[in-house]
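First comes the structure, then the notes that go with it.
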Amino acid sequence: MTEARAQAATAAGVAPSGPTAGVAGNPLFEYLCRLGDDRLVLGHRLSEWAGHAPILEEDIALSNFALDFVGQAAALLKLAGEVEGKGRDEDALAYHRDENEFRNLLLVELPKGDFAFTMVRQYLFDAFDVLALERLVKSKHEVLAGIAAKALKEAKYHVRHSGEWVVRLGDGTEESHRRTQAALDELWSYASEFFLADGVDTAMVAQGIGLDLPSLKAPWEITVRETLTRATLTVPNDPRVVRGGRLGRHSEHLGHMLAEMQILPRSHPGAQW
Amino acid sequence: MTVAAAEDPVKLAEFEARLERGETIEPKDWMPEKYRKQLVRMMSQHAHSEVVGMLPEGNWITRAPSLRRKMVLLAKVQDEGGHGLYIYCGTETLGVGREELIEQLLTGKAKYSSIFNYPTLTWADIGVIGWLVDGAAIVNQTMLAKTSYGPYARAMIRICKEENFHKRQGYEICTVMAKGTPAQRAMVQDAVNRWWWPSLMMFGPSDATSPNSAELMRWRVKRETNDALRQRFVNLTIPQAQAIGLSVPDPDLRYNAETENWEFGPIDWSEFQAVIAGNGPCNRERMAARRKAHADGAWVREAAEVHAEKQAARAREHAA
């Protein structure tokens, strides 16, 4: 990228991509926003099931997971605000950033779809999340390590729940198998974004704060393939690499989600709730 | 001939003597068929209300104005699902399963609390539901915690504890909004105006016209009358409204120093009857949402069953 283009991109509110992306600013702030936004957006999508799930136990479980993720997001964004040092708290970051300032993976912002789509998405993320958090608990950043330790307990439960559903649905009826395979085919390439590292990740690894994303790919695939085999599902042969979320380049879905999520604080500037 | 009259008179006398002594009735004890039916009716209505009640509040989860409020609301809606599940399990002790009861809800045969047929139009409604609707539920459920049927009484003790948190968070939302911007104050007063009378109707018809009251009282399923509970709720709530500068939409409201009651104006029971009959503002939406969730989830429930059968068959093969 030429310098002029990089400046134009920054001026438009989009972080420049490439190996040094985000480093010029505050990589730790950037890093914490990525971690927090994944959880905020995924928690939002899960919360959409409350009252509409296939069985009452899942109304409860999915609201519970939504609560876990929003709780993790609140802790991470609070820390991000402190690290940034500009007086923004977790609510300022959640409610007063625009779409192109969100740093979540594209996977988590996709609409909730049917129950198979929700569970496959959840499982792909949860399997990644456990591996990531297992490394983050060893972070040299003590507060981050503490947040990761609490989140890891939750994530281990999440992955068991979503993994069991993927197996149940994959190895259930003809219809459930068809729906689950379709969800997997749709979502598989989005998982490639988990493992893409850029300058922010490099800086965080160098400081002993963050984790080496590409190194998670192999263990993730082993775990996921084992589950998918039990579920009698076929691992898609989809070479596409999805990217953009970490740099604020999102799908069309996030804008709608944020319009809904942010409406009250944006409509009543300065109000306390 | 009433059902009660058809019961074995000796057993019935023993049953009523036990109640007289203040004993609780447990699942394996003998009970009149009418007692069992009344309990199934009340408990299933309660469970259905928890489940349908997830909808009006769920309407604001994605728009909660802060992360803390979002978490509290998620926890509350999750609690409600849990209460529903817990009470459905309670009805199983009376020989009626959840599937059968849900079928009755979806076909319109079973009722749920009419309060959930009103819309949640602004964020203030979430505060007011916690304060007034959960507040009214607590008054009713505190009484039910002393009901004569053991499993229901024990469920109520546990549920009341959580409902107290729900009420507190609701009143806190109202308190913050009542001290907030002019727009927020208007929003919360409007919500109180809309929810006040439906909250009073939650206690059910006046004792004179309540079809089930007398028998429920005699068998100590209910320990106090609808009107007495309603009065207690009003007496508790008016000072809370005054404390945060909100009013209730009742020009006849006045304090009677002699009885120490806040006397309130006449309730429009025609509205209550209309909502019960299915003509409230949201009856159709609520039932449509429940039916859609049930229909959309059919393939999931079927898959879970088929998978469990496959697993069992494999286990048998493995053992053989």
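The values are calculated or read from the model by the stated rules, or taken from the named source; none is laboratory data. Computed from a predicted model, the values in this text were never measured in an experiment. Neighbour counts run over all protein chains shown; Cβ positions are idealised from the backbone, glycine included. Note: accessible area is taken over every heavy atom of the protein model, side chains too, but ligands, DNA and RNA are not part of it. Shrake-Rupley method; radii C 1.70, N 1.55, O 1.52, S 1.80 Å.
Condition (residue is of a type in the set (A, V, I, L, M) and either closer than 21 Å to B:His48 by Cβ or surrounded by fewer than 18 Cβ atoms within 10 Å (Cβ to Cβ) (or both)) applied to region B:114-123: is it met by at least one residue? Spell out the reasoning first.
In the first step, residues of region B:114-123 are kept if they are of a type in the set (A, V, I, L, M); the result is B:115, B:121.
Then keep just the ones that are either closer than 21 Å to B:His48 by Cβ or surrounded by fewer than 18 Cβ atoms within 10 Å (Cβ to Cβ) (or both); that gives B:115, B:121.
Yes - at least one qualifying residue is present in region B:114-123.
Can we say B:Arg286 is charged (D, E, K, R), in a helix (DSSP H, G or I) and more than 8 Å from every other protein chain (Cβ to nearest Cβ)? Full working, then the answer.
Values: charged (D, E, K, R): yes; in a helix (DSSP H, G or I): yes; more than 8 Å from every other protein chain (Cβ to nearest Cβ): yes.
Answer is yes for this residue.
For region A:90-116, enumerate the residues that are open to solvent by 20 Å² or more (accessible area, probe 1.4 Å), touching a Leu at 6+ places or on another chain (Cβ under 8 Å) and within 12 Å of chain B (Cβ to nearest Cβ).
A:Glu90, A:Asp91, A:Lys112
Out of all the residues in region A:87-108, is one or more over 30 Å from A:Pro269 (Cβ atoms), at pLDDT 95 or above and β-branched (Val, Ile, Thr)?
No; the residues of region A:87-108 include none that is over 30 Å from A:Pro269 (Cβ atoms), at pLDDT 95 or above and β-branched (Val, Ile, Thr).
Every residue in region B:78-111 that is among the small types (Gly, Ala, Ser) and under 14 Å from A:Ile55 (Cβ atoms), please.
B:Gly81, B:Gly82, B:Gly84, B:Gly97
Determine which single condition B:Arg290 fails, assuming it passes every other condition in (1) under 30 Å from B:Lys11 (Cβ atoms); (2) out of contact with any Pro (no Cβ under 7 Å at 6 or more places or on another chain).
Status for B:Arg290: all satisfied but (1).
Filter region B:1-26 for residues that are more than 27 Å from the chain's Cα centre (by Cα) and charged (D, E, K, R); which is least open to solvent (accessible area, probe 1.4 Å)?
Ranking the qualifying residues of region B:1-26, first place goes to B:Glu7.
In region B:145-164, what count of residues is obtained for those that are part of a helix (DSSP H, G or I), touching a residue at least 24 places away in the same chain (Cβ under 8 Å) and in contact with a helix residue (DSSP H, G or I) (Cβ under 8 Å, 6 or more places away or on another chain)? Let's see the steps before the verdict.
Taking region B:145-164 and keeping what is part of a helix (DSSP H, G or I), we get B:150-164.
Cutting the leftovers down to touching a residue at least 24 places away in the same chain (Cβ under 8 Å) gives us B:150-153, B:155, B:158-159, B:162-164.
Of the ones still in play, those that are also in contact with a helix residue (DSSP H, G or I) (Cβ under 8 Å, 6 or more places away or on another chain) are B:151-153, B:155, B:158-159, B:162-164.
Counting residues in region B:145-164 that are part of a helix (DSSP H, G or I), touching a residue at least 24 places away in the same chain (Cβ under 8 Å) and in contact with a helix residue (DSSP H, G or I) (Cβ under 8 Å, 6 or more places away or on another chain) gives 9.
May I ask you to list the residues in region B:80-96 that are assigned to a loop (DSSP other than H, G, I, E, B) and either basic (Lys, Arg) or open to solvent by less than 30 Å² (accessible area, probe 1.4 Å) (or both)?
Kept after step one, since they are assigned to a loop (DSSP other than H, G, I, E, B), are these residues of region B:80-96: B:93-96.
Scanning region B:80-96 gives B:Leu94, B:Val96.
Tell me, which residue of region B:65-79 that is open to solvent by 10 Å² or more (accessible area, probe 1.4 Å) and without any contact (Cβ under 8 Å) to a residue 40 or more places away in the chain is farthest from the chain's Cα centre (by Cα)?
Step by step, filter region B:65-79, then rank; the result is B:Ser66.
Taking the stated definitions as given, is B:Glu57 in contact with a helix residue (DSSP H, G or I) (Cβ under 9 Å, 6 or more places away or on another chain), closer than 25 Å to B:Ala186 by Cα, within 14 Å of chain A (Cβ to nearest Cβ) and in a helix (DSSP H, G or I)?
Against the criterion (in contact with a helix residue (DSSP H, G or I) (Cβ under 9 Å, 6 or more places away or on another chain), closer than 25 Å to B:Ala186 by Cα, within 14 Å of chain A (Cβ to nearest Cβ) and in a helix (DSSP H, G or I)), B:Glu57 qualifies.
Show the residue pairs that are 6+ apart or on different chains and have beta-carbon atoms under 9 Å apart, the first residue being within region B:290-314 and facing another protein chain (nearest Cβ under 8 Å) and surrounded by fewer than 17 Cβ atoms within 10 Å (Cβ to Cβ), the second being part of a helix (DSSP H, G or I) and among the aromatic types (Phe, Trp, Tyr).
Cβ pairs passing all conditions: B:Asp296/A:Phe115.
Checking B:Gln104 against (1) in contact with a Lys or Arg (Cβ under 8 Å, 6 or more places away or on another chain); (2) open to solvent by less than 70 Å² (accessible area, probe 1.4 Å); (3) farther than 30 Å from A:Leu264 by Cα, only one condition comes out false. Which one?
Every condition holds for B:Gln104 apart from (1).
Can you name every residue in region A:153-163 that is surrounded by 17 or more Cβ atoms within 10 Å (Cβ to Cβ) and either among the aromatic types (Phe, Trp, Tyr) or without any contact (Cβ under 8 Å) to a residue 40 or more places away in the chain (or both)? Working first, answer last.
Step one: filter region A:153-163 for residues surrounded by 17 or more Cβ atoms within 10 Å (Cβ to Cβ), giving A:154-155, A:158-159, A:161-163.
Hits for region A:153-163 are A:Ala155, A:Val159.
For B:Asp250, all conditions in the list (1) in a helix (DSSP H, G or I); (2) over 19 Å from the mean Cα position of the chain (by Cα); (3) not aliphatic (A, V, I, L, M) hold save one; what is the number of the exception?
(1)
Determine whether A:Val120 is in contact with a Leu (Cβ under 6 Å, 6 or more places away or on another chain), at negative phi and open to solvent by less than 30 Å² (accessible area, probe 1.4 Å). Talk me through it step by step, then tell me what you get.
Details: in contact with a Leu (Cβ under 6 Å, 6 or more places away or on another chain): yes; at negative phi: yes; open to solvent by less than 30 Å² (accessible area, probe 1.4 Å): yes.
Taking the combined requirement at face value, the residue satisfies it.
Which condition from (1) assigned to a helix (DSSP H, G or I); (2) open to solvent by 20 Å² or more (accessible area, probe 1.4 Å); (3) over 18 Å from A:Leu67 (Cα atoms); (4) among the acidic types (Asp, Glu) is the one that B:Asp29 breaks?
It is condition (1) that B:Asp29 fails.
Out of all the residues in region B:153-184, which are open to solvent by 40 Å² or more (accessible area, probe 1.4 Å), β-branched (Val, Ile, Thr) and away from every other protein chain (no Cβ under 14 Å)? Outline the logic, then answer.
Taking region B:153-184 as the starting set, the residues that turn out to be open to solvent by 40 Å² or more (accessible area, probe 1.4 Å) are B:154, B:157-158, B:161-162, B:164-165, B:167-168, B:171-172, B:176, B:179, B:181-183.
Filter once more, so that each one left must be β-branched (Val, Ile, Thr): B:157, B:176, B:181.
Within region B:153-184, just B:Ile157 meets the criteria.
Take the residues in region A:225-244 that are touching a Leu at 6+ places or on another chain (Cβ under 7 Å) and β-branched (Val, Ile, Thr), then tell me which one is surrounded by the most Cβ atoms within 10 Å (Cβ to Cβ).
The selected residue is A:Val242.
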